[in-house]
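The values are calculated or read from the model by the stated rules, or taken from the named source; none is laboratory data. All of these numbers come straight from a predicted model, not from anything done at the bench. Cβ placement follows ideal geometry from the backbone for every residue including glycine, while neighbour counts extend to all protein chains displayed. Please note that ligands, DNA and RNA were not included when accessible areas were found on the heavy atoms of the full protein model with its side chains. Shrake-Rupley method; radii C 1.70, N 1.55, O 1.52, S 1.80 Å.
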Amino acid sequence: MTRLSIRATRGWLGPGQAVDDVQVVCEQGVVTYAGAVTPIHEDVDLVLDGFLMPAVADRHVHIELSDPAAVLRGGVTAVRDLAWPPERIFPLADLSEMPSFDGPLIRAAGPMLTALGGYPTRSGWAPEGTGRVVADPPTAVEAVTELAASGATAVKVALNSEAGPTPDDAVLTAICDAAHAAALPVTVHAQGSGQVERALGAGVDELAHTPWSRLSDDVVARCARSLRIVSTLGILGSGSPELAAALDNLGRFRAAGGIVGYGTDLGNADVPPGVHVRELLLLEEAGFPPEEVLRAITRAPLEVDAPADVLALGRDPFADLGAFEDIRLVVRAGRVVAT
(Lines give C-alpha, C1' and ligand atoms only; values in the text may rest on other atoms or scores of the structure.)
Protein backbone atom coordinates (compact mmCIF):
# COMPACT_ATOMS: atom_id res chain seq x y z
CA MET A 1 0.00 0.00 0.00
CA THR A 2 1.58 3.29 -1.09
CA ARG A 3 -1.09 5.46 0.57
CA LEU A 4 -2.54 4.92 4.02
CA SER A 5 -5.10 7.11 5.76
CA ILE A 6 -5.85 6.60 9.46
CA ARG A 7 -8.50 8.27 11.60
CA ALA A 8 -8.83 8.08 15.38
CA THR A 9 -10.95 9.66 18.09
CA ARG A 10 -7.97 11.46 19.63
CA GLY A 11 -4.29 11.94 18.98
CA TRP A 12 -1.03 13.69 19.76
CA LEU A 13 0.98 14.87 16.76
CA GLY A 14 3.85 16.46 18.68
CA PRO A 15 4.54 19.00 21.42
CA GLY A 16 1.42 21.05 22.14
CA GLN A 17 -0.58 19.30 19.43
CA ALA A 18 -3.28 17.20 21.06
CA VAL A 19 -6.11 16.79 18.53
CA ASP A 20 -9.61 15.35 18.77
CA ASP A 21 -10.92 13.43 15.73
CA VAL A 22 -7.47 13.21 14.19
CA GLN A 23 -6.34 11.97 10.79
CA VAL A 24 -2.92 11.03 9.48
CA VAL A 25 -2.19 10.31 5.82
CA CYS A 26 0.99 8.50 4.77
CA GLU A 27 2.34 8.20 1.22
CA GLN A 28 5.61 6.73 -0.01
CA GLY A 29 6.93 6.32 3.53
CA VAL A 30 6.33 9.88 4.75
CA VAL A 31 3.47 11.83 6.30
CA THR A 32 1.54 13.98 3.81
CA TYR A 33 -1.17 15.19 6.19
CA ALA A 34 -1.60 15.21 9.96
CA GLY A 35 -4.32 17.11 11.76
CA ALA A 36 -8.04 17.33 12.29
CA VAL A 37 -10.26 15.46 9.85
CA THR A 38 -11.16 17.61 6.85
CA PRO A 39 -13.43 17.00 3.84
CA ILE A 40 -10.31 16.75 1.69
CA HIS A 41 -9.41 13.52 3.46
CA GLU A 42 -12.75 11.73 3.54
CA ASP A 43 -11.27 8.49 2.21
CA VAL A 44 -10.02 6.52 5.22
CA ASP A 45 -8.42 3.09 5.29
CA LEU A 46 -8.50 2.60 9.07
CA VAL A 47 -10.88 4.06 11.64
CA LEU A 48 -9.86 3.54 15.26
CA ASP A 49 -11.53 4.18 18.57
CA GLY A 50 -8.29 5.08 20.25
CA PHE A 51 -5.29 7.37 20.44
CA LEU A 52 -2.98 8.11 17.50
CA MET A 53 0.62 9.34 17.94
CA PRO A 54 4.14 9.05 16.52
CA ALA A 55 5.74 5.65 17.01
CA VAL A 56 8.45 5.14 19.61
CA ALA A 57 12.23 5.37 19.18
CA ASP A 58 14.53 3.54 21.62
CA ARG A 59 17.89 5.30 21.80
CA HIS A 60 19.81 2.59 23.65
CA VAL A 61 19.51 -1.02 22.52
CA HIS A 62 21.63 -4.05 21.71
CA ILE A 63 19.32 -5.31 19.01
CA GLU A 64 20.90 -8.73 18.39
CA LEU A 65 20.21 -9.63 22.02
CA SER A 66 16.50 -9.29 21.28
CA ASP A 67 14.02 -10.09 18.49
CA PRO A 68 13.77 -7.23 15.95
CA ALA A 69 10.32 -8.36 14.81
CA ALA A 70 9.00 -8.31 18.38
CA VAL A 71 10.54 -4.88 18.93
CA LEU A 72 8.69 -3.51 15.91
CA ARG A 73 5.37 -5.12 16.77
CA GLY A 74 5.75 -3.75 20.27
CA GLY A 75 5.54 -0.18 18.98
CA VAL A 76 9.22 0.73 18.49
CA THR A 77 9.94 1.60 14.85
CA ALA A 78 13.45 3.04 15.25
CA VAL A 79 16.36 2.08 17.50
CA ARG A 80 19.95 3.07 18.10
CA ASP A 81 22.33 0.22 18.86
CA LEU A 82 25.00 1.35 21.33
CA ALA A 83 27.72 -1.32 21.16
CA TRP A 84 28.04 -4.38 18.97
CA PRO A 85 30.71 -5.87 16.69
CA PRO A 86 30.96 -3.73 13.54
CA GLU A 87 30.95 -6.63 11.08
CA ARG A 88 27.53 -7.64 12.45
CA ILE A 89 25.73 -4.42 13.32
CA PHE A 90 26.50 -2.19 10.34
CA PRO A 91 25.23 -4.69 7.72
CA LEU A 92 22.11 -5.21 9.84
CA ALA A 93 21.58 -1.44 10.03
CA ASP A 94 21.85 -1.24 6.24
CA LEU A 95 19.37 -4.11 5.87
CA SER A 96 16.91 -2.37 8.22
CA GLU A 97 16.42 0.40 5.67
CA MET A 98 14.78 -2.03 3.25
CA PRO A 99 10.95 -2.14 3.15
CA SER A 100 11.03 -5.91 3.59
CA PHE A 101 12.98 -5.80 6.88
CA ASP A 102 10.94 -7.27 9.74
CA GLY A 103 12.13 -4.98 12.49
CA PRO A 104 12.75 -1.33 13.35
CA LEU A 105 15.02 1.07 11.53
CA ILE A 106 18.46 0.58 13.10
CA ARG A 107 21.10 3.23 13.61
CA ALA A 108 24.34 2.06 15.20
CA ALA A 109 27.47 3.18 17.00
CA GLY A 110 29.43 0.01 16.30
CA PRO A 111 31.91 -1.06 19.00
CA MET A 112 32.36 0.81 22.26
CA LEU A 113 35.75 2.53 22.49
CA THR A 114 37.58 1.49 25.64
CA ALA A 115 40.96 0.93 27.30
CA LEU A 116 42.94 -2.31 27.37
CA GLY A 117 41.06 -4.64 29.73
CA GLY A 118 38.23 -2.14 30.04
CA TYR A 119 34.47 -2.52 29.83
CA PRO A 120 32.89 -4.32 27.98
CA THR A 121 35.79 -6.52 26.84
CA ARG A 122 35.38 -8.87 29.82
CA SER A 123 31.56 -8.76 30.01
CA GLY A 124 29.56 -11.92 29.44
CA TRP A 125 26.85 -10.17 27.44
CA ALA A 126 29.24 -8.71 24.87
CA PRO A 127 30.61 -10.84 22.00
CA GLU A 128 34.18 -10.33 20.87
CA GLY A 129 34.46 -7.03 19.04
CA THR A 130 31.83 -5.22 21.10
CA GLY A 131 34.66 -3.22 22.67
CA ARG A 132 37.49 -1.66 20.66
CA VAL A 133 40.68 -0.76 22.51
CA VAL A 134 42.12 2.70 21.84
CA ALA A 135 45.50 3.02 23.53
CA ASP A 136 46.46 6.59 22.65
CA PRO A 137 45.15 9.67 20.80
CA PRO A 138 46.31 8.51 17.32
CA THR A 139 44.56 5.13 17.63
CA ALA A 140 41.49 6.92 18.98
CA VAL A 141 41.35 9.18 15.94
CA GLU A 142 41.88 6.18 13.65
CA ALA A 143 39.00 4.33 15.31
CA VAL A 144 36.62 7.27 14.99
CA THR A 145 37.57 7.76 11.34
CA GLU A 146 36.87 4.10 10.59
CA LEU A 147 33.55 4.19 12.42
CA ALA A 148 32.44 7.29 10.53
CA ALA A 149 33.33 5.62 7.22
CA SER A 150 31.37 2.52 8.24
CA GLY A 151 28.17 4.49 8.82
CA ALA A 152 28.21 4.98 12.57
CA THR A 153 25.67 7.55 13.76
CA ALA A 154 27.33 8.03 17.15
CA VAL A 155 30.56 7.15 18.92
CA LYS A 156 30.27 5.39 22.26
CA VAL A 157 32.98 5.44 24.91
CA ALA A 158 33.27 3.25 28.01
CA LEU A 159 33.99 5.33 31.11
CA ASN A 160 33.08 2.51 33.49
CA SER A 161 35.85 2.57 36.09
CA GLU A 162 33.98 0.04 38.22
CA ALA A 163 34.48 -2.63 35.54
CA GLY A 164 38.08 -1.96 34.52
CA PRO A 165 40.45 0.65 33.08
CA THR A 166 39.06 3.59 31.11
CA PRO A 167 40.55 5.75 28.35
CA ASP A 168 42.63 8.56 29.81
CA ASP A 169 41.74 12.22 29.37
CA ALA A 170 43.97 12.73 26.33
CA VAL A 171 42.37 9.79 24.55
CA LEU A 172 38.86 10.87 25.55
CA THR A 173 39.48 14.40 24.25
CA ALA A 174 40.89 13.02 21.00
CA ILE A 175 37.78 10.86 20.54
CA CYS A 176 35.48 13.84 21.08
CA ASP A 177 37.46 16.12 18.77
CA ALA A 178 37.58 13.53 15.96
CA ALA A 179 33.92 12.63 16.35
CA HIS A 180 32.79 16.24 16.29
CA ALA A 181 34.95 16.90 13.22
CA ALA A 182 33.02 14.05 11.57
CA ALA A 183 29.68 15.51 12.80
CA LEU A 184 29.10 12.53 15.10
CA PRO A 185 27.85 12.84 18.69
CA VAL A 186 29.76 11.14 21.50
CA THR A 187 27.82 9.12 24.06
CA VAL A 188 29.43 7.59 27.16
CA HIS A 189 28.71 4.89 29.68
CA ALA A 190 29.82 6.86 32.74
CA GLN A 191 30.01 4.74 35.87
CA GLY A 192 32.29 5.25 38.85
CA SER A 193 33.53 8.20 40.84
CA GLY A 194 34.34 11.27 38.75
CA GLN A 195 33.44 9.75 35.36
CA VAL A 196 30.55 12.10 34.61
CA GLU A 197 32.82 15.03 35.44
CA ARG A 198 35.43 13.66 33.03
CA ALA A 199 32.80 13.36 30.32
CA LEU A 200 31.77 16.96 30.84
CA GLY A 201 35.35 18.14 30.68
CA ALA A 202 36.00 16.38 27.38
CA GLY A 203 32.84 17.76 25.75
CA VAL A 204 30.74 14.63 25.30
CA ASP A 205 27.22 15.04 23.95
CA GLU A 206 25.29 12.41 25.86
CA LEU A 207 25.22 10.03 28.79
CA ALA A 208 24.04 6.61 27.62
CA HIS A 209 22.49 5.94 31.05
CA THR A 210 21.06 8.06 33.82
CA PRO A 211 23.88 7.93 36.42
CA TRP A 212 22.89 5.80 39.40
CA SER A 213 25.29 7.40 41.86
CA ARG A 214 24.13 10.76 43.17
CA LEU A 215 25.51 13.76 41.30
CA SER A 216 26.03 17.14 42.94
CA ASP A 217 23.71 19.98 42.02
CA ASP A 218 26.60 21.70 40.25
CA VAL A 219 27.34 18.67 38.08
CA VAL A 220 23.65 18.22 37.27
CA ALA A 221 23.43 21.86 36.20
CA ARG A 222 26.53 21.50 34.01
CA CYS A 223 25.05 18.37 32.43
CA ALA A 224 21.78 20.16 31.72
CA ARG A 225 23.63 22.92 29.88
CA SER A 226 25.76 20.70 27.67
CA LEU A 227 24.50 17.16 27.12
CA ARG A 228 21.52 14.83 26.83
CA ILE A 229 20.77 11.86 29.07
CA VAL A 230 19.29 8.59 27.81
CA SER A 231 17.02 7.30 30.55
CA THR A 232 17.50 3.48 30.97
CA LEU A 233 15.91 3.65 34.44
CA GLY A 234 14.21 0.30 33.98
CA ILE A 235 17.46 -1.68 34.20
CA LEU A 236 17.67 -0.77 37.89
CA GLY A 237 15.95 -2.85 40.53
CA SER A 238 12.75 -1.68 42.15
CA GLY A 239 13.43 -0.11 45.54
CA SER A 240 17.20 -0.18 45.03
CA PRO A 241 19.49 2.67 46.15
CA GLU A 242 20.71 2.90 42.55
CA LEU A 243 17.21 3.51 41.24
CA ALA A 244 16.52 6.12 43.92
CA ALA A 245 19.73 7.96 43.00
CA ALA A 246 18.96 7.79 39.29
CA LEU A 247 15.43 9.12 39.77
CA ASP A 248 16.80 11.98 41.85
CA ASN A 249 19.52 12.78 39.30
CA LEU A 250 17.11 12.72 36.37
CA GLY A 251 14.49 14.80 38.18
CA ARG A 252 17.01 17.52 38.98
CA PHE A 253 18.42 17.32 35.44
CA ARG A 254 14.92 17.87 34.02
CA ALA A 255 14.25 20.75 36.43
CA ALA A 256 17.50 22.38 35.24
CA GLY A 257 16.30 22.26 31.64
CA GLY A 258 18.15 19.14 30.50
CA ILE A 259 17.03 17.09 27.49
CA VAL A 260 16.13 13.44 28.07
CA GLY A 261 15.80 10.71 25.47
CA TYR A 262 14.03 7.41 26.03
CA GLY A 263 16.27 4.36 26.04
CA THR A 264 15.96 0.94 27.63
CA ASP A 265 19.30 -0.89 27.21
CA LEU A 266 17.28 -3.58 25.42
CA GLY A 267 19.09 -6.90 25.52
CA ASN A 268 20.11 -6.49 29.16
CA ALA A 269 18.29 -6.75 32.50
CA ASP A 270 15.23 -8.59 31.12
CA VAL A 271 13.98 -5.52 29.25
CA PRO A 272 11.06 -6.64 27.04
CA PRO A 273 11.00 -5.97 23.29
CA GLY A 274 8.86 -3.02 22.24
CA VAL A 275 7.73 -0.18 24.47
CA HIS A 276 8.93 -0.71 28.04
CA VAL A 277 6.02 0.56 30.12
CA ARG A 278 8.02 0.44 33.35
CA GLU A 279 10.52 2.88 31.82
CA LEU A 280 7.68 5.30 31.08
CA LEU A 281 6.27 5.03 34.58
CA LEU A 282 9.71 5.66 36.06
CA LEU A 283 10.07 8.79 33.92
CA GLU A 284 6.75 9.91 35.37
CA GLU A 285 8.03 9.12 38.86
CA ALA A 286 11.09 11.28 38.16
CA GLY A 287 8.77 14.24 37.56
CA PHE A 288 7.99 14.10 33.84
CA PRO A 289 4.38 14.94 32.95
CA PRO A 290 2.80 12.78 30.23
CA GLU A 291 3.53 15.13 27.33
CA GLU A 292 7.21 15.27 28.28
CA VAL A 293 7.28 11.48 28.40
CA LEU A 294 5.79 11.36 24.90
CA ARG A 295 8.37 13.87 23.68
CA ALA A 296 11.17 11.74 25.14
CA ILE A 297 10.00 8.50 23.53
CA THR A 298 9.16 9.67 20.01
CA ARG A 299 11.49 10.15 17.07
CA ALA A 300 9.74 13.06 15.34
CA PRO A 301 6.34 14.81 15.33
CA LEU A 302 3.71 13.68 12.87
CA GLU A 303 3.95 16.46 10.29
CA VAL A 304 4.35 16.77 6.56
CA ASP A 305 7.48 14.97 5.27
CA ALA A 306 8.16 13.30 8.64
CA PRO A 307 8.73 9.52 8.70
CA ALA A 308 5.40 7.73 8.43
CA ASP A 309 5.87 5.86 11.71
CA VAL A 310 2.59 5.80 13.62
CA LEU A 311 1.30 4.15 16.77
CA ALA A 312 -2.28 3.71 17.95
CA LEU A 313 -3.22 2.94 21.55
CA GLY A 314 -6.50 1.74 22.95
CA ARG A 315 -6.73 4.63 25.39
CA ASP A 316 -5.27 8.05 26.16
CA PRO A 317 -1.73 8.01 27.63
CA PHE A 318 -2.25 11.54 29.00
CA ALA A 319 -4.62 9.93 31.49
CA ASP A 320 -2.54 6.80 32.12
CA LEU A 321 0.85 5.86 30.68
CA GLY A 322 -0.20 2.27 31.14
CA ALA A 323 -2.05 2.83 27.86
CA PHE A 324 1.12 1.64 26.13
CA GLU A 325 0.24 -1.86 27.26
CA ASP A 326 -2.70 -1.67 24.82
CA ILE A 327 -1.10 -1.10 21.39
CA ARG A 328 -3.70 -1.39 18.62
CA LEU A 329 -1.71 -0.43 15.51
CA VAL A 330 1.93 -0.05 14.45
CA VAL A 331 2.90 1.59 11.17
CA ARG A 332 6.50 1.81 9.98
CA ALA A 333 7.36 3.86 6.86
CA GLY A 334 3.69 3.90 5.89
CA ARG A 335 3.30 0.11 6.14
CA VAL A 336 1.00 -1.55 8.69
CA VAL A 337 3.11 -4.07 10.60
CA ALA A 338 0.84 -4.87 13.55
CA THR A 339 -2.86 -4.47 14.34
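A few remarks follow.
- A Cβ-based charge dipole, computed about the Cα centre of segment 10-162 with Lys and Arg at +1 and Asp and Glu at -1, lands at about 580 debye.
- Beta bridges assigned by DSSP with both partners in segment 1-152 are antiparallel in approximately 50 percent of cases.
- Nearest 10 degrees, 0 to 90: helix 241-255 Cα axis against the chain principal axis: 70 degrees
- The residues neighbouring residue 331, those whose beta-carbon lies less than 14 Å from its own, together hold a net charge of +4 under the Lys/Arg +1, Asp/Glu -1 convention.
- Between 144, 18, 263, the Cα set farthest toward the positive side of the dipole of the chain (charges on each charged residue's Cβ, about the Cα centre) is that of 144.
- Per residue solvent-accessible surface (Å²) - segment 213-303, probe of 1.4 Å: 40 Å²
- For segment 42-62 versus segment 310-329, the gap between their alpha-carbon centres in whole angstrom: 9 Å
- With contributions of -39500 (n - 2.57) from each DSSP H run of at least four residues, the per-residue ellipticity at 222 nm computed over the chain stands at -8000 deg cm²/dmol.
- Simple spin-label estimate for residue 43 and residue 65 in nanometres, 7 Å along Cα-Cβ: 4.7 nm
- Sorting 87, 146 on solvent-accessible area from highest to lowest, probe radius 1.4 Å, gives 87, 146.
- Counting only protein heavy atoms and a 1.4 Å probe, segment 50-94 has 24 square angstrom of accessible area per residue.
- Selected from 221, 178, 269 as most flexible by GNM, with the chain as the system and alpha-carbon contacts under 10 Å: 269
- Estimated dipole of segment 204-258 in Debye, rounded to 20 [Cβ of Lys and Arg +1, of Asp and Glu -1, Cα centre]: 120 debye
- Taking θ as phi - 60° and the Karplus parameters 6.51, -1.76 and 1.60, the scalar couplings of segment 220-225 work out to 4, 5, 5, 4, 4, 7 Hz in sequence order, x denoting glycine and proline.
- Rounded to the nearest 20, the Cβ-based charge dipole of the chain about its Cα centre (Lys and Arg +1, Asp and Glu -1) stands at 160 debye.
- Using the Cβ-Cβ distance between residue 122 and residue 242 with R0 = 35 Å, the FRET efficiency computed as 1/(1 + (r/R0)^6) comes to roughly 0.95.
- For the pair residue 3 and residue 33 in one chain, pulling the backbone fully straight at 0.36 nm per residue adds 9.7 nm over the alpha carbon distance.
- Sequentially through segment 94-108, phi angles give Karplus couplings (6.51, -1.76, 1.60; θ = phi - 60°) of 4, 4, 5, 7, 7, x, 7, 5, 8, x, x, 5, 10, 10, 9 Hz, Gly and Pro residues having no value and appearing as x.
- Close amide-amide hydrogen proximity is noted between residue 112 and 84, 131, 132, each under 5 Å apart and 5 or more residues distant or on a separate chain (H modeled in the peptide plane; Pro and chain starts excluded).
- Residue by residue, segment 320-330 carries 3J(HN,Hα) couplings of 6, 5, x, 4, 6, 7, 10, 7, 9, 7, 10 Hz when phi is fed to the Karplus relation 6.51 cos²θ - 1.76 cosθ + 1.60 (θ = phi - 60°); x denotes Gly or Pro.
- Carbon plus sulfur fraction of accessible area for the chain, probe 1.4 Å, in percent: 51 percent
- For the pair segment 90-109 / segment 166-241, the C-alpha centres are spaced 27 Å from each other.
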